[in-house]
Structures are given as C-alpha cells and as structure tokens.
Amino acid sequence: MKTNNNANQGKNANSGNTETKARLIAERLSEKYKDRFELWDVLFEKTGALWYLRVYFTPVKGAVLDSDAYNTVTNELNNAFDKEDFIQYVDILEVGSAGGDTILRTPEHFIKCIGQVVCAKIRGEKGKTSEIKGALAEYNNDNITVGTEIIKLKDCLKVLLETQENII
C-alpha cells in the first residue's frame, strides 16, 4: 500500500472515492467469509498527522474472530487494495472489530440496530452534552427514537451501540 509522504496534505475531493472503493472491496471479501463475519464500516480519515483507512467487521452470530482471522483478512484486503491501486495516500491500514464502542453512522447501522440498546451523546443548549440510553425504537433520516425520546440526528455528537460489556 502506498504511504503518505506529505503529512500536511488535506483531505482531497477523492477521499470519498477512496472510502467508496475500499468499501466495495471489503464487501467482496465479506461475502467470501459470510459465515464468519460481515462488514460494519469503512472510514478514510485523518487523525493527527496520519491518514487511516479503517475497515471494521462484526462476527456473525456464533462466530469468533481471533487474531489469525484478522491477520488473514488484513493481508487479503491489503493485497486487493494494492491490486486496485486507487489509494493515493494512506499511512495506516487498520482492520478490526467494530468493538465495544461501535458507532452507528449510516442508515444501515440504525436500521440493523433497532431494538438494541444505544447511547446517544447529544449536544445540548449552551454547549452542554448529555447522554440518552435506551432501546433504539425508531429511525428515519432526521430522527431516532431512543426509549421514548425523539432525538434529532443533527443534535447527536455520536450514537454508540451498547454491548454487554458497556451495560454491566
């Protein structure tokens, strides 16, 4: 994979294309391993001075993904990304589980998680933030309903899926 030799380069117009193409490749790989995991998310973003291409998977029910599985997937993704040669700059390829802090950010995420416990971090008045935890009851393009609270998505700083580890 190409690395970024210019750490000061801003996110360019092609970064959305990078994320979209990486997602397509990751979806093909996810289809190959559909009995073990599914693709959760792909992000191409700058953190500090470094550019990250992050690919997150979630195990399918009953499957366990260990470090060997992630190493295999990482190598296959890296080879596929190099073969397609569409990434201009990446410092780090990060492949892993969506984990305990699974962020819901796409319509598919919200729809898939209806009925599950989430934590919505809300930007309130005067810059204060608050959290609302409860079952995700409803989603539309503008709002989510957590428990009985209707929350505007534009007011959400982030919405996290609560896992058993986070609830206890």
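Every read-out reported here was derived from the displayed coordinates using simple, explicitly stated rules and does not represent laboratory data. None of these values were measured; they are calculated from a predicted model. Using ideal geometry, Cβ is built from the backbone for each residue, glycine included, and neighbour counts are taken over all protein chains shown.
Neighbour counts of C-beta atoms inside 10 Å place Ser30, Ser97 in the sequence Ser97, Ser30, starting with the fewest. Charges were assigned to the Cβ only: +1 to each Lys and Arg, -1 to each Asp and Glu. The resulting dipole of the chain about its Cα centre is roughly 440 debye. If you take the alpha carbon atoms of region 102-167 and fit the smallest convex hull around them, that volume is 77 Å³ per residue. Once both labels are positioned 7 Å from their Cα atoms along Cα-to-Cβ, the gap between Glu138 and Lys46 label points is 4.0 nm. Provide, for region 102-167, the number of lysine pairs with alpha carbons under 16 Å apart, each pair being eight or more places apart or on different chains. Eligible lysine pairs with Cα atoms under 16 Å apart amount to 10. Cα centroids of region 10-84 and region 101-130: 22 Å apart.
By the count of neighbouring beta-carbon atoms within 10 Å, fewest first, Asp91, Asp66 end up ordered Asp66, Asp91.
GNM on the chain, alpha-carbon springs under 10 angstrom: the most fluctuating residue among Leu43, Leu157, Leu93 is Leu157. With runs of 4+ DSSP H residues as the only contributors, calculate the mean residue ellipticity of the chain at 222 nm using -39,500 (n - 2.57) per run, divided by the residue total and rounded to the nearest 500. After summing the helix terms and dividing by the residues of the chain, the value is -8500 deg cm²/dmol.
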